[in-house]
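The structure appears right after this line, and notes come after that.
Computed from the coordinates by the stated procedures, all read-outs in this text should not be read as laboratory data. Given the structure is predicted, the values throughout are model-derived calculations rather than measurements. Virtual Cβ from ideal backbone geometry, glycine too; neighbours counted across all protein chains shown.
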Amino acid sequence: MRTLPLSACLLLTLSLAAGADEKPSPEKSDDSDAAAQEAKHISNLRQVTVGLPRAGEGYFSPDGKSVVYQAYPVGYPFYQIYTQPLDSKTPVRVSTGRGRTTCSYFTIDGKQILFASSHTDPNIAETELAARKLAAEGGRRRYMWDFDKHMDIYRVNLDGTGMTKLTDTPGYDAEGSYSSDGKQIVFTSDRDGDPDLYIMDADGKNVRQLTNVDGYDGGPFFSPDNKWVIFRSDRQEEHMLQLFAISADGKTEVQLTNNLKQVNWCPYFHPSGDYLVWSGADYSRGPRDAKFQLWTLDLKKKDGILEGGKVTQVTFDDSHDVLPVFSPDGTKLMWTSTRSEDESSQLWIADWLRGTKKN
């Protein structure tokens with residue numbers, strides 16, 4: 001089974017790319033200086049998730065009032081999917097409570113949740129037992145996410161009822177998200193033996209392949225105008241993820257980052273379409289010293305082709321900052337961070353100052 005040292009779609013923890021038995025040792029920055037640098041871009045920083053061992057990879061509801069995310073339940077070895085109003089600290093589980101889950105996303109009307117799950121694994125009891133045993137022994141020496149062959153994409157009501165299976169092809173199907181009109185879903189599948197991007201109708205029909213290059217292509221999102229899909233890929237060098245964009249018709253592809261000394265992943269469009277945010281880390285001294293921080297990349301089009309422009313660093317903290325997303329109105333930034341007191345991965349949110357304050 002192919003694995004990545006970075007999560008295929010899941011949040012990272014302090015063991016990120018270093019090892020559960022190793023402590024990352026990035027150079028420490030001055031706290032006051034880091035805060036001052038971040039204050040140019042974000043304000044009113046606060047923690048969203050509490051009470052769960054690890055939580056993250058959150059996405060906003062269409063009205064911006066709730067979030068959906070994945071988290072480890074107390075005593076269970078795999079992530080489950082939860083919803084939570086932003087004015088509440090009480091999570092509500094919408095997944096089955098069994099198997100691996102990942103990559104949740106609200107439907108365009110905000111009434112249902114899209115997510116991937118392996119709960120139909122016919123050997124789920126054995127899979128859970130093996131995971132519990134591994135955890136009891138101290139966990140993996142490196143954080144890896146399996147491309148579980150039982151992973152399929154589902155749609156479910158906010159209370160966990162009415163589950164509908166949208167994919168039913170042997171192999172890993174996950175990392176799905178909707179187009180802005182809710183008519184299409186872009187996702188990652190290794191149904192042809194290699195993780196590539198696919199697009200299907202919102203009901204799971206009319207599946208077509210978007211990328212077909214050796215290496216992992218994943219974490220796809222439509223542009224606000226639905227003309228482009230951004231994603232991450234390690235096609236140049238295994239595990240060294242870089243950012244790409246491909247036209248929704250699959251005819252034109254562009255590479256947005258090209259620095260194999262830095263891992264760049266989890267890109268997400270600002271609703272204006274003028275720039276994207278992502279997480280990157282310098283791997284020039286090896287993964288043990290890598291610290292993931294948030295960055296933005298300005299976008300422009302030349303002869304209708306998407307191009308990358310100015311790069312700006314957003315976060316400077318000594319924690320790992322990953323999986324950033326914007327609120328639907330573009331005024332909030334939410335991401336997964338190890339800034340919590342116990343250094344566990346949790347969701348954090350801040351006011352986004354670009355467009356409201358000159359940086």
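A few comments on the model shown:
- Qualifying trypsin sites (Lys or Arg not before Pro) in segment 254-333, DSSP loop, other Cβ atoms within 10 Å at most 16: Lys261, Arg285
- Non-local Lys pairs in segment 174-309, i.e. 8 or more apart or on different chains, that have alpha carbons under 14 Å apart: 6
- Percent RCO, i.e. relative contact order, over segment 3-352, from Cα pairs under 8 Å lying at least 6 residues apart: 18 percent
- Taking Cα centre as origin and charging only the Cβ of basic (Lys, Arg, +1) and acidic (Asp, Glu, -1) residues, the dipole magnitude of segment 3-352 rounds to 320 debye.
- Spatially proximal lysines relative to Lys149 (Cα-Cα < 16 Å; intrachain offsets below 8 disregarded): Lys165
- Helix-only CD estimate at 222 nm, as mean residue ellipticity for the chain, using -39500 (n - 2.57) per DSSP H run (n ≥ 4): -1500 deg cm²/dmol
- Whole-angstrom gap from segment 159-203 to segment 276-351, using each part's C-alpha centre: 25 Å
- Annotation for Val50 and Ile124: the two label points, set 7 Å from Cα along the Cα-Cβ direction, are 3.2 nm apart.
- Nitroxide proxy distance, nm - points 7 Å out along Cα→Cβ at Asp33 and Ala131: 4.2 nm
- Efficiency of FRET from Cβ geometry, Asp318 and Ser284, R₀ 22 Å, rounded to 0.05: 0.75
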